[in-house]
Amino acid sequence: MASNLCKILKKIRIDNDDILYTMARKLGISSSYLSAIENGKREIPSDFIAKLTNVYHLDEKTINQIEEIASENYRNVKINISNSDMFKKNIAINFARKFDDLDEETIKKMIELIKGGKK
């Protein structure tokens, strides 16, 4: 049974008359790596959705579907804070320390703030 991501990427390929190899080349990755991403054997790279969006001019609905799938599949998230000011570094570190203690309501509020919702 194909994964949801596999179905979405296959539809993008069909809509653009591409095969897996062609899509992989356009995204700057190998076809075997793209296949592994599609089938959930590899995590979606952090720049994958942006590349996919730029190459295929994806609509908001498709981007959101892929982002949702990606968020379900991530096991680890790395944040490069080496060039950040001390304030941003402290936020990232404190967030990481308290991550497991966040309740659902707090998470919803944070998502709204991050996505530019209610202030």
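Along Cα→Cβ, 7 Å out, is where each label goes; now give me the distance between the ones at CYS6 and GLU72 in nm to one decimal.
It is 1.4 nm.
Placing +1 at every Lys and Arg Cβ and -1 at every Asp and Glu Cβ, with all other atoms neutral, what dipole size does the chain have around its Cα centre, in debye to the nearest 20? Please report the intermediate quantities before stating the final value.
Values: 21 positive and 18 negative charges, 56 e Å.
Magnitude of the dipole: close to 260 debye.
Compute the acute angle (0 to 90°) between the alpha-carbon long axis of helix 60-73 and the principal axis of greatest extent of the alpha-carbon atoms of the chain; round to the nearest 10°.
Helix 60-73 sits roughly 70 degrees off the main axis of the chain.
Which value does Rg/Rh take for the chain over its C-alpha atoms, Rh per Kirkwood? Before the final figure, lay out the partial values.
Numbers: Rg = 17.0 Å, Rh = 16.5 Å.
Here the Rg-to-Rh quotient is 1.03.
Given the -39500 (n - 2.57) contribution per DSSP H run of 4+ residues, what per-residue ellipticity at 222 nm results for the chain, rounded to the nearest 500 deg cm²/dmol?
Numbers: 7 runs with 75 residues, N = 119.
Rounded to the nearest 500, it is -19000 deg cm²/dmol.
LYS98 accessible area, nearest 10 Å², 1.4 Å probe?
That residue has around 120 Å² of solvent-accessible surface.
For SER35 and VAL55, what does the FRET efficiency come to when R0 = 22 Å and r is the distance between their Cβ atoms, rounded to the nearest 0.05? Spell out each step's value before the answer.
Details: r = 17 Å, r/R0 = 0.78.
According to the calculation, E is roughly 0.80.
The values are calculated or read from the model by the stated rules, or taken from the named source; none is laboratory data. Just so you know, these numbers come straight off a predicted model, no measurement behind them. For neighbour counting, all protein chains shown are included, and Cβ atoms are generated from backbone atoms with ideal geometry for every residue, glycine included. The accessibility values were calculated without ligands, DNA or RNA, using every heavy atom of the protein model including side chains. Shrake-Rupley method; radii C 1.70, N 1.55, O 1.52, S 1.80 Å.
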